[in-house]
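Below you'll find the structure, written out as structure tokens, and then a few comments.
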Amino acid sequence: MTILRVGVLALQGDVREHLTALRGCGAEAASVRTPAELESVDALVLPGGESTTMSRLLQVFDLEMPLRERLAGGMPTLSTCAGLILMSREVLDGRPDQIALGVLDISVRRNGYGRQVESFEADIPVALLGVAPFRAIFIRAPRIEHAGPDAEVVASFGGNPVAIAQGPHLGLCFHPEMTDDPRLHQLFLERAAAALEVSAA
Amino acid sequence: MTSDKSAANGHEPHTGGLRVKRGLAEMLKGGVIMDVVTPEHAKIAEDAGAVAVMALERVPSDIRRDGGVARMSDVSLIKEIIAAVTIPVMAKARIGHFVEAQVLQSLGVDYIDESEVLTPADEEHHIDKWQFDVPFVCGARDLGEALRRIGEGAAMIRTKGEAGTGNVVEAVRHMRAVQGGIRRIASMRPEELMAEAKHLGAPFDLIQEIHRTGKLPVVNFSAGGIATPADAALMMQLGCDGNFVGSGIFKSTNPEAYAKAIVAATTFFDKPEVIAEVSAGLGKAMPGLDVASMPAGELLATRGW
């Protein structure tokens, strides 16, 4: 059985933490900055960082169209924070020219939980992960203002969704890659492998 | 670190902990933080793909030229810059000036740079950064200085370089000193670590941590003299996590083009063909200064310890 090869979009952001988390789960993981590197992976992580910076680099270095094509072809994704913003249908309080790939059926507000001094961590129960809550780290996090019918809400905090499952995609407002808890990366790998009918590791 | 507030558990949201402070710096990795003195500059920086802006009254080359006392920026200006962009806004406080830091925190800036570019307010003591919810970045010339600042609560380090010179030589020297110091500790035997802590004047627990992990516990950007895309890529290849660019952008003849090119060169730091492509037709870089021939009193990097 083929082994899943996972890419981490490496234009900017906390790429290293995702690579470490994925490899810790036994996955084969590589950074992705070019169309050729994108072509070589089965699934993609869109990391935390600045969505405006990633958006601009996607456009300038001709990655936006190849990425849209792979997404249209069903490539599974895990997106965290800035990555979630890129994957959403609508971005509020963003820049008018920033990319919304329109995959996740959600409307997000950039920095919806406030500025850095309001950044926080909290224990959050996540459906699909069992009883033990997940220590979720929110850093200038986007707030999901609305989740459409295609987006399954798997965790909420303070009345807003903070984790979304949609087909082969997982989208998170927080940063599992900054903790030692591998459960969400494992879940992503399992779901991606199931969607592609390959082995996770 | 006894002062780490991240250990708290529970369903109540917990702000101001070590992980969210260091975490924002993690999110800035691979990016460029640009010095800006007006909201218009801030927009240009954001348009070009900056991951954050540093609000200050004058860019370092102007501070160097004007002399006198350089202080925290005008409060209204910082507010205008915060309102102008969606990316994080940093601002500088004088070394040891904890009230400037309190003011900046109350304004909602996302990171405070306790900076040698401003005139120090205290020649003995840096700010006790554990007292703040807002994270701090501090300058360092070598590993010992970096670890003293982390011991005081800095959540991010930048090597000092020599700001406002357009000359990358000090940035290189300081980055090599930090990286070399880390490699040295990583290769030591455990019984050698206390002597190294004494030698560096650095907290023992941080020396032990580096011995264990082989890396700094916080993100380390480069700063002070980066003026071209190739400079930015050089610092990345030397092992920094991202770049601060001050006078290099807004003292060039074409700030928009320089800003975009330096962002691209920071991402594609190991691809010379991309650096060549973005470096073409940029116009003139900022004028440079020979650091070796500068009188000691004009050096900014020697401020702070």
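The values are calculated or read from the model by the stated rules, or taken from the named source; none is laboratory data. Not measured: the values here are computed from a predicted model. Every residue, glycine among them, receives a Cβ derived from its backbone with ideal geometry; neighbour counts consider all protein chains shown. We work out accessible area using only protein heavy atoms, side chains counted, and drop any ligands, DNA or RNA first. Shrake-Rupley method; radii C 1.70, N 1.55, O 1.52, S 1.80 Å.
Compute the relative contact order of region A:5-200 as a whole-number percentage, counting only Cα pairs closer than 8 Å that sit 6 or more residues apart in sequence. Computed value for region A:5-200: 19 percent relative contact order. Segment A:GLU28..A:ALA127, full-extension length gain: 33.0 nm, with 0.36 nm per residue of separation and the alpha-carbon distance subtracted. A 1.4 Å probe run over the protein chains yields, for region A:5-200, 33 Å² of accessible area per residue, whole-number rounding.
At full extension, B:VAL169 and B:GLU256 could sit 28.9 nm farther apart than now, given 0.36 nm per residue minus the alpha carbon distance. Nearest-5 percent of antiparallel DSSP beta bridges in chain A? Rounded to the nearest five, the antiparallel share is 45 percent. Highest GNM mean-square fluctuation among A:GLU118, A:GLU64, A:GLU190, for chain A modelled with Cα contacts below 10 Å: A:GLU118. Between region B:58-82 and region A:48-64, what is the C-alpha centre distance in whole Å? Between the Cα centres of region B:58-82 and region A:48-64 lies a distance of 31 Å. So how far, in whole Å, is the C-alpha centre of region B:256-271 from the one of region B:117-141? Using only Cα atoms, the two centres lie 29 Å from each other. Using a simple spin-label model with pseudo-atoms 7 Å out from Cα toward Cβ, B:GLN208 and B:ALA276 lie 5.1 nm apart.
Could you list the square roots of 5 times each eigenvalue of the Cα gyration tensor of region A:5-200, that is, the equivalent ellipsoid semi-axes, sorted largest first and rounded to whole Å? Please report the intermediate quantities before stating the final value.
On the way: eigenvalues 97, 82, 48 Å².
That gives 22, 20, 16 Å for the three semi-axes.
Cross-link partners for B:LYS79 among the aspartates and glutamates, with Cα-Cα distance under 17 Å and sequence neighbours closer than 8 places in the same chain left out: B:ASP35, B:GLU40, B:GLU46, B:GLU57, B:GLU100, B:ASP110, B:ASP113. Computed in the context of the full set of protein chains, the accessible area of chain A at 1.4 Å probe radius has 51% of its extent on carbon or sulfur. Spacing of the modelled spin labels on B:ASP47 and A:GLU197, each 7 Å from Cα toward Cβ, amounts to 5.0 nm. In terms of accessible area, using a 1.4 Å probe and ignoring ligands and nucleic acids, B:ASP110, B:ASP128, B:ASP62 rank largest first as B:ASP128, B:ASP62, B:ASP110.
Which value in deg cm²/dmol, rounded to the nearest 500, describes the helix-derived mean residue ellipticity at 222 nm for the protein assembly as shown, given -39,500 (n - 2.57) per DSSP H run of n ≥ 4 and division by the residue count? Helices in the protein assembly as shown give a 222 nm mean residue ellipticity of -10500 deg cm²/dmol.
Rounded to the nearest 20 debye, the dipole size of region B:1-119 about its Cα centre is 240 debye, using +1 on the Cβ of Lys and Arg and -1 on the Cβ of Asp and Glu.
Note on region B:1-139: Kirkwood radius taken over Cα pairs, Stokes-Einstein applied at 25 °C and 0.890 mPa s, translational D equal to 156 µm² s⁻¹. Summarising the amide proton neighbourhood of A:VAL45: residues at separation of 5 or more, or on other chains, whose placed amide H is nearer than 5 Å comprise A:GLY7, A:VAL8, A:LEU9, A:LEU78.
What FRET efficiency do you get for B:SER293 and B:GLU191 if R0 is 41 Å and r is their Cβ-Cβ distance, rounded to the nearest 0.05? Numbers along the way, then the final one.
Values: r = 44 Å, r/R0 = 1.08.
Result of the calculation: an efficiency of 0.40.
Take the accessible area of chain B alone and of chain A alone, subtract that of the pair, and you get about 3600 Å² summed over both chains, using a 1.4 Å probe.
In region B:25-57, comparing the full protein assembly with the chain on its own, the residues that lose 30 Å² or more of accessible surface at a 1.4 Å probe are B:GLU26, B:MET27, B:LYS29, B:GLU46, B:ASP47, B:GLY49, B:VAL51.
Using the alpha-carbon positions of chain B, Rg (one decimal) and Dmax (whole number) come out as 18.5, 58 Å.
Among the protein heavy atoms, those of B:ASP133 account for about 50 Å² of accessible surface (1.4 Å probe, every chain in place). Its Cα centre serving as origin, the protein assembly as shown has a Cβ charge dipole (Lys and Arg +1, Asp and Glu -1) of approximately 480 debye.
The Cα atoms of region A:91-152 give a gyration tensor whose axes a ≥ b ≥ c have a/c of 1.5 or more with a/b no greater than b/c, which makes the shape oblate. Heavy-atom accessible area, probed at 1.4 angstrom with all protein chains present, ranks B:MET294, B:MET156 as B:MET294, B:MET156, highest first.
Each of A:VAL126, A:GLY112, A:ALA151 was scored by the projection of its Cα onto the charge dipole of region A:5-200, and the greatest displacement toward the positive side belongs to A:GLY112; charges sit on the C-beta of Lys, Arg, Asp and Glu.
For A:GLU39, the solvent-accessible surface computed with a 1.4 Å probe is close to 120 Å², ligands and nucleic acids excluded.
A probe of 1.4 angstrom, applied to the heavy atoms of all protein chains, finds B:SER106 with accessible area near 90 square angstrom.
Taking every protein chain into account, the accessible area of chain B amounts to 38 square angstrom per residue (probe 1.4 Å).
Once the convex hull of the alpha carbons of region A:2-106 is built, what does its volume come to per residue, in cubic angstrom?
Cα convex hull per residue, to the nearest whole number: 90 Å³.
Here the dipole of region A:5-200 is about 280 debye; that uses its Cα centre as origin and unit charges on the Cβ of Lys and Arg (positive) and Asp and Glu (negative).
Sorting A:GLU152, B:GLU12 on solvent-accessible area from highest to lowest, probe radius 1.4 Å, gives B:GLU12, A:GLU152.
If you bin every alpha carbon distance in the protein assembly as shown into 10 Å steps from zero, what whole percent lands in each bin? Histogram of Cα-Cα distances, whole percents per bin: 4, 20, 31, 27, 14, 4, 0. Here's the list of lysines a cross-link from B:LYS251 could span, going by alpha-carbon distance under 20 Å and ignoring same-chain residues fewer than 8 apart: B:LYS43, B:LYS92, B:LYS160, B:LYS260, B:LYS284.
Among B:VAL178, A:LEU67, A:ALA10, whose Cα projects farthest towards the positive end of the dipole of the protein assembly as shown, with charges put on the beta-carbon of Lys, Arg (+1) and Asp, Glu (-1)? Projecting each Cα onto the dipole axis, the largest value belongs to B:VAL178. Residues of region A:82-119 buried by at least 40 Å² of accessible area upon assembly of all protein chains, compared with the chain on its own (1.4 Å probe): A:ARG95, A:ARG115, A:GLN116, A:VAL117.
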